[in-house]
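Since the structure comes first, as structure tokens, the remarks are kept for the end.
The values are calculated or read from the model by the stated rules, or taken from the named source; none is laboratory data. Remember, it's a predicted structure, so these values are computed and weren't measured experimentally. As a convention, Cβ positions derive from the backbone with ideal geometry for all residues, glycine included, and neighbour counts pool all protein chains shown. Note: accessible area is taken over every heavy atom of the protein model, side chains too, but ligands, DNA and RNA are not part of it. Shrake-Rupley method; radii C 1.70, N 1.55, O 1.52, S 1.80 Å.
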Amino acid sequence: MRPVRKGVSFDVLVIGSGASGLAAAVSAERAGARVGLATKTTLQACNSAKAQGGIQAAFGEDDSPEIHAEDVMRSSHDTANPRLVEVLTSEAPSAIHWLEELGVEFTRSNGGYRLARCGGASRKRLLQVGDRTGHAITKALRDAYEAGSGTELPHHALGGLGPARNGWGASFRLKDGSTTTLDASAVVLAAGGRCYAEAGSRGELSTNHPNATGEVTRIVLEAGADARDLDALQYHPNGGAWPATMQGYSIPETTRAYGAVLLNADGEEFTDSLGPRDAVSQAIFDEVDKGKGVLTPDGRPAVWLDTTRISPEDAEISLPYMLRRYRGAGIDPLAEPIFTYPVLHYQNGGLVIDEHAETTLEGAFACGEIAGGTHGRNRMMGNSLLECTVFGRRAGRAAFEKAGT
Ligand SMILES: Cc1cc2nc3c(=O)[nH]c(=O)nc-3n(C[C@H](O)[C@H](O)[C@H](O)COP(=O)(O)OP(=O)(O)OC[C@H]3O[C@@H](n4cnc5c(N)ncnc54)[C@H](O)[C@@H]3O)c2cc1C
């Protein structure tokens with residue numbers, strides 16, 4: 001461990017403890033930086049831990065990072081930054097191995113990874129840890145960080161950021177309402193998106209954690225950073241619509257990967273259930289507008305997701321949490337179709353970054369949902385956890401190097 005500059009609290013200060021912040025913190029700490037990991041509430045509170053479906057990486061025999069990149073560009077309608085996409089897909093296999101070294105055990109079958117095809121993908125490419133993939137990844141990263149020498153700063157909500165003599169100064173609101181200031185040679189902004197707050201202001205449901213409120217993006221924009229595609233918010237095609245306890249739950253896309261299809265009121269398949277997310281969500285909105293949707297018992301618009309087509313074996317291996325949640329609420333998805341309707345889920349755009357995850361402000365890095373460009377205006381499922389890992393690792397390393405210059 002080498003103290004890089006005199007007079008600063010940390011070499012690298014990471015804001016946010018989701019998968020991207022944890023990956024950045026672990027990678028900076030392992031490179032030798034004095035790291036502070038500041039987060040709004042507890043280290044466990046984030047969207048990443050809620051991710052169920054999985055993480056993409058080209059491991060199939062008929063697959064390659066280039067085909068993965070083509071799928072990303074096509075799903076983004078050619079709005080993604082091709083260089084960021086190339087980094088994302090070419091580093092995906094090594095990112096998976098890194099997670100494995102940290103203790104993540106991906107589900108396997110027939111001697112290899114159990115791969116599923118997700119919406120917009122031309123190959124089977126989705127690795128899973130049952131249907132608690134985000135939980136497994138964040139736990140392994142958190143354990144790795146806690147085993148190192150980095151400082152944990154829970155209940156530090158970022159309230160301001162500005163240049164300081166040796167890097168960046170950050171002000172925080174603490175749990176008791178008081179404030180404090182910390183400075184660092186480099187900062188990594190990993191505070192996620194804003195869909196919880198956005199859904200609240202629209203009067204809609206969201207899949208997001210209540211900490212997904214987006215103020216860090218605003219703070220960094222005020223400090224002079226550039227952003228892109230901030231207006232492009234993504235609906236998850238399959239929000240739970242009934243029973244009431246499942247409203248806002250994101251039914252894993254792997255239900256459709258393992259055979260579930262979308263049906264209208266007449267029992268007709270009205271769209272390609274494994275199309276890109278924006279197309280599938282729009283098809284559901286259109287079907288309901290045409291009067292071909294169904295109503296939930298509490299009068300909400302919906303269509304059917306026919307989950308009875310999933311084999312019990314696939315469901316047990318890849319959807320146990322979803323099954324438990326629904327069965328606990330009195331509905332067996334393997335015996336009857338379930339109500340679904342799109343729900344606000346993901347901020348596609350964000351802070352402009354380069355391939356080292358540096359924003360347009362020197363020494364300020366960004367990774368994960370707060371960053372823009374990797375998915376353009378429409379993200380594919382399974383590429384967010386991947387982005388968190390690939391660009392989190394890069395951000396941590398680059399921030400360490402910046403701190404030493
Ligand atoms: C229900 C659900 C299911 C999903 N399923 C998948 C999936 O299967 N595959 C996939 O690839 N993606 C999935 N996603 C998307 C993916 O999980 C997230 O986009 C990604 O994990 C975001 O990670 P992050 O590190 O950028 O942000 P987050 O995980 O949201 O973490 C942000 C962190 O910043 C903190 N924070 C916020 N504001 C402040 C502040 N002012 N000061 C300090 N800290 C702050 C938060 O408390 C939190 O710790 C899913 C998302 C949800 C919600």
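List of remarks:
- Exclusive hit being under 21 Å from Ala398 (Cα atoms) and modelled with pLDDT of 95 or more, set Val35, Val72: Val35
- Of all the numbered requirements in (1) assigned to a loop (DSSP other than H, G, I, E, B); (2) within 18 Å of Phe391 (Cα to Cα); (3) basic (Lys, Arg), Arg123 misses one, and that requirement is (2).
- A count restricted to the range 210-231 and to residues that are surrounded by 20 or more Cβ atoms within 10 Å (Cβ to Cβ) and either within 14 Å of the ligand (Cβ to nearest atom) or part of a helix (DSSP H, G or I) (or both) stands at 8.
Let's see how each residue does on (1) open to solvent by 10 Å² or more (accessible area, probe 1.4 Å); (2) farther than 28 Å from Thr213 by Cβ; (3) in a strand (DSSP E or B):
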position	(1), (2), (3)
Asp272	yes, yes, no
Ala283	yes, yes, no
Lys292	yes, yes, no
Asp298	yes, no, no
Val303	no, yes, yes
Arg324	yes, yes, no
Gly330	yes, yes, no
Ala335	yes, yes, no
Tyr346	no, no, yes
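- Among the residues of the range 63-80, those identified as touching a residue at least 24 places away in the same chain (Cβ under 8 Å) and acidic (Asp, Glu) are Asp63, Glu70, Asp71, Asp78.
- Of the listed requirements (1) more than 12 Å from the ligand (Cβ to nearest atom); (2) in contact (Cβ under 8 Å) with a residue 24 or more places away in the chain; (3) more than 30 Å from Glu29 (Cα to Cα), Val104 misses just one: (3).
- Residues in the range 33-61 that are more than 6 Å from the ligand (Cβ to nearest atom) and of a type in the set (Gly, Ala, Ser): 6 in all.
- Matching entry among Thr374, Thr360 (being away from the ligand (no atom under 15 Å from the Cβ) and β-branched (Val, Ile, Thr)): Thr360
- Each residue in the range 351-372 was checked for being crowded, with 24+ Cβ neighbours inside 10 Å and on the phi > 0 side of the Ramachandran plot, and 2 of them qualify.
- Selected residue (criterion: farthest from the ligand (Cβ to nearest atom)) from residues of the range 126-178 that are acidic (Asp, Glu) and assigned to a loop (DSSP other than H, G, I, E, B): Asp176
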